[in-house]
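Let me begin by presenting the structure, written as structure tokens, before commenting on it.
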Amino acid sequence: MPTILETKTPRLITALPGPKAQQVLADDARLMSPSLTREYPLVAKKGYGAIVEDIDGNAFLDFAAGIAVCSTGHCHPKVVEAIQKQAAELIHISGTDFYLQHMTQLAEKLIATMPGKDHKKVFFGNSGTEAVEGAIKLARYATKRDKLIAFYGCFHGRTLGSLSLTASKNTQRRHFGALLGGVEHIPYPYAYRCAHGHTPETCGSEILELLEQQMFRRLFAPEEVAAIIIEPIQGEGGFVPAPAFFLQELQRICNRHGIMLIVDEVQSGVGRTGKWWAYEHAGIEPDIVCIAKGIASGMPLSAFVAKESVMTWKKGSHGSTYGGNPVCIASAMATLDLIANGYMENARKMGEYIFGRIHDWPKRFKSVGDVRGKGLMIGIEIVRDQKTKEKAADLRDAVIDKMFHKGLLTLSSGENTIRMSPPLLIDEEQADFAIRTFEECLRETEKSI
Ligand SMILES: Cc1ncc(COP(=O)(O)O)c(C=O)c1O
């Protein structure tokens, strides 16, 4: 419940950026790595629920959630309490060298969220990219093969192994030299731009044919492939969901050839789509699942969960100094309880509510090409012309900037998509504000077309 000083919708009290924010921006330009990709000048100071306050006291409604991380909102009292209690008891010991009950308790909780008959085991790390690195290593170790297949548009991280899989924007790979060998990419089933005119339910059969009839025959035999890695909904690639049949067929192909199916749930997982894991919508059981972002409400924690029959590597094969840090785990335990006890259901309900109100935007706004996603992972693709589907990154950026100036935080995704990925606790009043503001900004931006 908001206190008297708190608000549920934006409250702007200065021009943006405000005077204190301007000072930080100047210092940032002097001191920080220029590789960071800030979209607008928000200088955050505090957060509660779905609200972020900047350093000048302006309050914003957060439909970005720290890149889909703050699943339970900002500084949820139960999460803060769990973190504070644990920090006063034990901050670090290293789960690589010593045992921690925290790790087994969270592993049990996580495994319980994953349907399927196989028992599973867990490895904890610190970031999404570390989960993917570990998954790559485990797949290679378990299969004694080295080839990896990923999808165009995918984002799996920025360290050199995961970057070898990432194929989202060439700036992310450029000038970094040779990456992992043995990695190939195939197209992702992107229904809005499907060359074969398929629907969101049927797009992708030609890609599976390409995989089996071309790649497996001409590049390398399936017996050489360690893993196929896929995001069930591409995050950085434009919030593009893969059809259920596509994931099911991929699983069939992997099973047939002893290939590990790695599902990257770093952005789509932890209740955001209305189920614990987005792959559940397709009813599959991956060999390895990568998790991060929403798992610990902002504390740095990641995990990969693998079938017991896959996670058989020997002592010393893999480790991490901070992985499974007790404070991060305390935050994750509180987070998973909150997600299980209402926020996942709220994500499903509010996702339906928002889709119900915006699914016809392509009819109502000439710059909206597509509205897609699941639960509270919603992508709006901005085009210059609905017939040609010309991508309009400039219009997309203008809409995002206008929304910021009206107090609504969103992020871009892919070349020309805007993502809505709020904390899972938003209510109708907040959804209505976001929809109304988005519509106003679309209308204002369209005046320039
Ligand atoms: C699907 C996916 N995988 C991996 C990553 C990498 O996560 P991190 O930035 O925590 O390394 C991201 C980050 O956006 C992601 O969206």
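What strands (runs of 3 or more DSSP E) completely inside the stretch 354-449 contain at least 1 residues that are surrounded by fewer than 23 Cβ atoms within 10 Å (Cβ to Cβ) and of a type in the set (Ser, Thr, Tyr)?
In the stretch 354-449, 411-413 are the strands (runs of 3 or more DSSP E) which contain 1 or more residues that are surrounded by fewer than 23 Cβ atoms within 10 Å (Cβ to Cβ) and of a type in the set (Ser, Thr, Tyr).
Limited to the stretch 88-111, what total is found for residues that are farther than 19 Å from ALA303 by Cα and surrounded by 13 or more Cβ atoms within 10 Å (Cβ to Cβ)?
Total satisfying the criteria: 1.
Every residue in the stretch 400-432 that is farther than 19 Å from GLY66 by Cα and in contact with a strand residue (DSSP E or B) (Cβ under 7 Å, 6 or more places away or on another chain), please.
Selection gives GLU415, ASN416.
Of all residues in the stretch 192-223, which are on the phi > 0 side of the Ramachandran plot and either open to solvent by 40 Å² or more (accessible area, probe 1.4 Å) or of a type in the set (A, V, I, L, M) (or both)?
Listed by number, the list holds a single entry, GLY197.
With respect to LYS144, determine if the residue is within 30 Å of ILE93 (Cβ to Cβ) and open to solvent by 40 Å² or more (accessible area, probe 1.4 Å). Can you show your working first?
Values: within 30 Å of ILE93 (Cβ to Cβ): no; open to solvent by 40 Å² or more (accessible area, probe 1.4 Å): yes.
So LYS144 does not fit the description; no.
Are there any strands (runs of 3 or more DSSP E) wholly within the stretch 224-334 with 2 or more residues that are open to solvent by less than 10 Å² (accessible area, probe 1.4 Å) and touching a Leu at 6+ places or on another chain (Cβ under 7 Å), and if so which?
Where strands (runs of 3 or more DSSP E) fall fully within the stretch 224-334 and carry at least 2 residues being open to solvent by less than 10 Å² (accessible area, probe 1.4 Å) and touching a Leu at 6+ places or on another chain (Cβ under 7 Å), they are 225-230, 302-307.
If I ask for residues that are more than 21 Å from the chain's Cα centre (by Cα) and either among the polar types (S, T, N, Q) or within 20 Å of ALA434 (Cβ to Cβ) (or both), which ones from the stretch 61-99 would you list?
Answer for the stretch 61-99, where residues must be more than 21 Å from the chain's Cα centre (by Cα) and either among the polar types (S, T, N, Q) or within 20 Å of ALA434 (Cβ to Cβ) (or both): GLN84, GLN86, SER94, THR96.
Being within 29 Å of THR321 (Cβ to Cβ) and under 12 Å from the mean Cα position of the chain (by Cα) narrows it down to one of SER297, SER268, so name that one.
SER268
For GLN23, all conditions in the list (1) polar (S, T, N, Q); (2) more than 25 Å from the chain's Cα centre (by Cα); (3) assigned to a loop (DSSP other than H, G, I, E, B) hold save one; what is the number of the exception?
(3)
Six or more apart or on different chains, Cβ under 6 Å: which pairs go from a residue in the stretch 294-307 that's on the phi < 0 side of the Ramachandran plot and touching a residue at least 60 places away in the same chain (Cβ under 8 Å) to one that's within 12 Å of the ligand (Cβ to nearest atom) and assigned to a strand (DSSP E or B)? Could you list them?
Taking only residues 6 or more apart or on different chains, the pairs are SER302/GLY125; ALA303/ILE291; PHE304/CYS290; VAL305/VAL289.
The values are calculated or read from the model by the stated rules, or taken from the named source; none is laboratory data. Please read all numbers here as calculations on a predicted model, not as lab measurements. All Cβ positions, even for glycine, are placed from backbone atoms using ideal geometry, and neighbour counts span all protein chains on display. Side chains included, ligands, DNA and RNA excluded: accessible areas come from the protein's heavy atoms. Shrake-Rupley method; radii C 1.70, N 1.55, O 1.52, S 1.80 Å.
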